[in-house]
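Trainee: Take this structure first; my questions come after.
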Amino acid sequence: MKILTVTFYFVVLVGVTFSIPPMTNDISFDLCSSCKSFFDKVKENMVVVSESTEERLKETLEKTCDKMLNKIPFLNEECKRFLEEVSKGVVKDLNEAQELVNPDNICQTMHMCRT
């Protein structure tokens, strides 16, 4: 959920700043360093997806299926199968999101830093 919230704010921030022309005065340096610091922190706080993270996610999803559907074995198994596929997509999306967070590129695109 944190990733989705951070991604939403990031998209809004990028969308708003595309209409801002590049800065040419001394203020741009302060904005540049602040922008880079902000996105460095965003990248630090993103979930690091490892094999153990993926396994914990799968275990949590399986427990949820068991808890909600333990009296209906067929649906319980279908739930687990479905969530196994979903978890693979979530892990892939998280890994791709981490690669996209490049403070230098983001801040230049947003016209916070000179090229």
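Trainee: With respect to N95, is the statement that it is polar (S, T, N, Q) and either more than 21 Å from S34 (Cα to Cα) or touching a residue at least 40 places away in the same chain (Cβ under 8 Å) (or both) true? Lay out the reasoning, then the answer.
Mentor: Working: polar (S, T, N, Q): yes; either more than 21 Å from S34 (Cα to Cα) or touching a residue at least 40 places away in the same chain (Cβ under 8 Å) (or both): yes.
For N95, the condition - polar (S, T, N, Q) and either more than 21 Å from S34 (Cα to Cα) or touching a residue at least 40 places away in the same chain (Cβ under 8 Å) (or both) - is met.
Trainee: Within segment 105-115, can you find the residues that are exposed (fewer than 14 other Cβ atoms within 10 Å of the Cβ) and assigned to a helix (DSSP H, G or I)? Can you show your working first?
Mentor: Filtering segment 105-115 for residues exposed (fewer than 14 other Cβ atoms within 10 Å of the Cβ) gives 105, 114-115.
N105, the sole residue that qualifies.
Trainee: Which condition number in (1) loosely packed, with under 12 Cβ neighbours inside 10 Å; (2) modelled with pLDDT of 75 or more; (3) under 30 Å from R114 (Cβ atoms) is the one that F39 fails?
Mentor: Failed condition: (1).
Trainee: Let me ask another. For segment 3-20, state whether one or more residues are surrounded by 15 or more Cβ atoms within 10 Å (Cβ to Cβ) and either modelled with pLDDT of 80 or more or over 23 Å from the mean Cα position of the chain (by Cα) (or both).
Mentor: No: segment 3-20 contains no residue that is surrounded by 15 or more Cβ atoms within 10 Å (Cβ to Cβ) and either modelled with pLDDT of 80 or more or over 23 Å from the mean Cα position of the chain (by Cα) (or both).
The values are calculated or read from the model by the stated rules, or taken from the named source; none is laboratory data. This structure is a prediction, so every number in the text was calculated from the model and none was measured. No Cβ is skipped: glycine too gets one built from the backbone with ideal geometry, and neighbour counts run over all protein chains shown.
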